[in-house]
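**Q** Below is one structure. I have some questions about it.
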Amino acid sequence: LGLTVLLVEDSPVNLEVASGMLEALGGNVVTASDGTLGVEYALGRHFDVVLMDCQMPLMDGYEATRKIRASESANGRSPVPIVAVTANALPGDRERCLESGMDDHLTKPVQTQELYATIHRLLRLPPAASS
C-alpha cells in the first residue's frame, strides 16, 4: 500500500498482530498504546489512515476520535479516515463508532483481506494489479 498508518491499540498482542498485517500490506505503521497518545500522534503528523481500538485506558477510541475530529474542524484540516477495530460486535456498536466520527467499523479478529479492502475503499485506491 505504501501508506502511513496510525494504529491505536492497548493490547500488546493485538498491536503485534495488526502491525504485522499492515506491514505485510506495505504499510508504514506508527503505534500508540492509548487514546491520549493516539490523539497526540494523529494531530502531530500526517497519516493516511488511523485504526482505532474502542476500549482503551485513559481515553477510549470514541473520545479520541471526537477530539481528532474537533481539532480537524477547528483547524481546517482534511479529516483522516478512522476505522474502528474492535471486539464490539453487538447491534448498535457500528452506529456508535460512526456517530463518534469514525468512517468504518471492523470487528476483531480482523482478517487481512477485510482490512485491505476497507483501507482500499476508504482511500479510493486503484485496484491492485492482478498477477
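**Q** Examine segment 104-122 for a residue that is open to solvent by less than 20 Å² (accessible area, probe 1.4 Å), part of a loop (DSSP other than H, G, I, E, B) and modelled with pLDDT of 95 or more, and state whether such a residue exists.
**A** No, because not a single residue in segment 104-122 is open to solvent by less than 20 Å² (accessible area, probe 1.4 Å), part of a loop (DSSP other than H, G, I, E, B) and modelled with pLDDT of 95 or more.
**Q** Could you name every one of the strands (runs of 3 or more DSSP E) located completely within segment 8-101 that has at least 1 residues being surrounded by fewer than 19 Cβ atoms within 10 Å (Cβ to Cβ)?
**A** 28-32
The values are calculated or read from the model by the stated rules, or taken from the named source; none is laboratory data. Note that the structure is a prediction, hence the values are computed from the model and not measured. As a convention, Cβ positions derive from the backbone with ideal geometry for all residues, glycine included, and neighbour counts pool all protein chains shown. These area figures cover heavy atoms from the full protein model, side chains too; ligands, DNA and RNA do not enter into them. Shrake-Rupley method; radii C 1.70, N 1.55, O 1.52, S 1.80 Å.
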